[in-house]
1. Given the conditions (1) farther than 23 Å from A:Val191 by Cα; (2) among the acidic types (Asp, Glu); (3) facing chain B (nearest Cβ under 10 Å), which single one is not true for A:Glu112?
2. Those residues that are open to solvent by less than 30 Å² (accessible area, probe 1.4 Å), within 14 Å of chain A (Cβ to nearest Cβ) and not hydroxyl-bearing (Ser, Thr, Tyr), I need them from the stretch B:149-185; list them, please.
3. Please verify whether the stretch A:60-81 includes one or more residues that are farther than 15 Å from B:Thr200 by Cα, among the charged types (D, E, K, R) and facing another protein chain (nearest Cβ under 9 Å).
4. State all residues of the stretch A:154-167 that are in contact (Cβ under 8 Å) with a residue 60 or more places away in the chain, part of a loop (DSSP other than H, G, I, E, B) and open to solvent by 10 Å² or more (accessible area, probe 1.4 Å); if no residue qualifies, say none.
5. Could you go through the stretch A:43-51 and let me know if any residue there is touching a strand residue (DSSP E or B) at 6+ places or on another chain (Cβ under 7 Å), more than 13 Å from chain B (Cβ to nearest Cβ) and more than 25 Å from A:Arg147 (Cβ to Cβ).
6. Kindly indicate the residue of the stretch A:22-35 that is under 19 Å from A:Asn77 (Cβ atoms) and in contact with a Pro (Cβ under 8 Å, 6 or more places away or on another chain) and also most open to solvent (accessible area, probe 1.4 Å) among those meeting that condition.
7. Taking into account only those residues within the stretch B:215-257 that are β-branched (Val, Ile, Thr) and in a helix (DSSP H, G or I), which is surrounded by the most Cβ atoms within 10 Å (Cβ to Cβ)?
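The values are calculated or read from the model by the stated rules, or taken from the named source; none is laboratory data. All figures in this text were calculated on a predicted structure; none of them were measured in a lab. FYI the Cβ positions are ideal-geometry reconstructions off the backbone, even for glycines, and counts take in every protein chain you see. To get the accessible areas, we keep the full protein, side chains included, count just its heavy atoms, and leave off ligands, DNA and RNA. Shrake-Rupley method; radii C 1.70, N 1.55, O 1.52, S 1.80 Å.
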Amino acid sequence: MLEIDVKKKLRDFDLQVKLRIAEGEILMLVGDNGCGKTTLLNLIAGLQCPDSGRIALDSRALFDSELKVNMIPEERNIGYVFQSYALFPHMSVYDNVAFGLRTRRLSRREIELLVKDHLDEAGLWDIRKAKAIDISGGQKQRVALARALIIEPDLLLLDEPLSALDVRKQAAMRKDLRKKIHACNVPSIIVTHDLRDVSCIGDRACLLEKGKIALTGEPDEVMSWGSQVPFGREGSN
Amino acid sequence: MISNRFKTDAARVCSEIIQNPRLNGLWRGKVLKAGLALLMLLTMGFIALPVASLLLKNPLDTVVQTLHDPMVVDALRLSLSTSAVTTVTVVLLGTPLAYINARFRYPGKEIADSLIDLPVIMPPAVAGIALLMAFGRMGIVGHYMDGLGISIAFTTLAVIIAQIFVSSPFYIRQARTSFEDVDISMENAARTLGASRIYTFFHVILPIAFNGLVSGAIMAFARSLGEFGATIMFAGNFQGRTQTMPLAIYTAMQGDLDVALCLALILVIISFLVIVIVKTLTRRMYENVRN
């Protein structure tokens, strides 16, 4: 269970969010550009610091302004897929996926077995030696996801994980993404601008407006939110 | 008669060109191209002529003979060794500074930035006097060091200090740009994957910025090799101890021109190699960043 109750002053408005996400639940976070979605993910991951509040994961406090707790990102055990995927360009696909295991000082044998499992499952074993900058957008997305999942995270954060893919690949990836995330059985937050992502992947949806949760509901209800939802034309088709 | 007809024809062609907008544009384009080509040739010639003269006035057998001259050997050895020590020192001290300036905000950052760049625009003779006032026997720091029996001015250490002073901005500026070009999300990704700041720096940031850092280090090395003004003011001109290649050229000009030409040729070759390496590395770095 992820519990968030944080405040942070941003340039144009105050971000103030209170949320609870259960084990295995996928929350789809939607909202206009600049409404604070990525900032919220960064606060949870520890990459930015809230002004006040509390973030707890399974009763483990990641941040608590009253208790003066602020766990550093590397100790939070959160799988984060960045919007641009943020793959390390100087490393191979194999080394990118193995990175999180090496920082945890696993043995070479353990790393080999785990990376092989994840690359096989993602259909990436054949391109394991390719440099991360030389692979296609779809492959990059799968490498980024495998890199985030291999560390067995307690929480998953995905910032527009399908936005860099073309429409055909997006459709194929949605089911795959939902299956993989559900298999982890951890709370997950996915930021998206696409209505089809919300209905195909999510268990619940939240609309963020100027740093505050304006609406919450089932993925199917999102259609009824009407003009408040900032989806593009392709998203509402 | 013929002349008159020619004049009439020429006038007709000119009038056609002027009246026909397409031909007019074509001629203007050609004239512009020819003008630019001439300008380019003149500029290139101005740069190439002195370099070519150096090569033409330097027969290969004389160069080979002069290479054994003790003055050349000493200057070459001293220049290469001091420049190498300077480059290593600048890289070790400058890398953390460049990273801090690329990633963090702190009070007085603008002043610190300007201070780092100051030696680039400071006249070398002024740099020499400034170093003397700081580290000379009567200098602010040198006074105390002299009390401890440590003398800096007019030693090989003074050569290195002068080189560090003038060449460090070349490395720090390039290193800062290279660090700024590393996408912050790479750093963030590494940290969410369990890497500490130090692990992230050595395994993610440094390898991505590597080409840029190497080209900065080469620039600093080249600047150290060519340093003259601050060195002669602060370290003096003693063969084998403080007489680097530029100082040896200056000394040899008053006696043996062959020695001066030989050293000048070596410096030109090194400078040319430096430019080629730096250009190649910088191009690779930007290709990586673009990808």
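1. Single failed check for A:Glu112: (3).
2. B:Val182
3. Yes, because at least one residue in the stretch A:60-81 is farther than 15 Å from B:Thr200 by Cα, among the charged types (D, E, K, R) and facing another protein chain (nearest Cβ under 9 Å).
4. Matches in the stretch A:154-167: A:Asp154, A:Glu160, A:Ser163, A:Ala164.
5. yes
6. To start, the set of residues in the stretch A:22-35 that are under 19 Å from A:Asn77 (Cβ atoms) comprises A:22-27.
Now restrict to residues that are in contact with a Pro (Cβ under 8 Å, 6 or more places away or on another chain): A:22-25, A:27.
Values: A:Ala22: 41, A:Glu23: 88, A:Gly24: 12, A:Glu25: 36, A:Leu27: 0 Å².
Looking at the filtered set, the residue picked out is A:Glu23.
7. Result: B:Thr231.
So that you can scan it fast, the table gives a plain yes or no per residue for (1) in contact (Cβ under 8 Å) with a residue 12 or more places away in the chain; (2) under 30 Å from B:Ala260 (Cα atoms); (3) out of contact with any helix residue (DSSP H, G or I) (no Cβ under 9 Å at 6 or more places or on another chain); (4) open to solvent by 80 Å² or more (accessible area, probe 1.4 Å):
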residue: B:Leu32; (1), (2), (3), (4): no, no, yes, yes
residue: B:Gly35; (1), (2), (3), (4): no, no, yes, no
residue: B:Gly45; (1), (2), (3), (4): no, yes, yes, no
residue: B:Leu60; (1), (2), (3), (4): no, yes, yes, yes
residue: B:Asp69; (1), (2), (3), (4): yes, yes, no, no
residue: B:Val72; (1), (2), (3), (4): yes, yes, no, no
residue: B:Ala84; (1), (2), (3), (4): yes, yes, no, no
residue: B:Glu110; (1), (2), (3), (4): no, no, yes, yes
residue: B:Ser114; (1), (2), (3), (4): no, no, yes, no
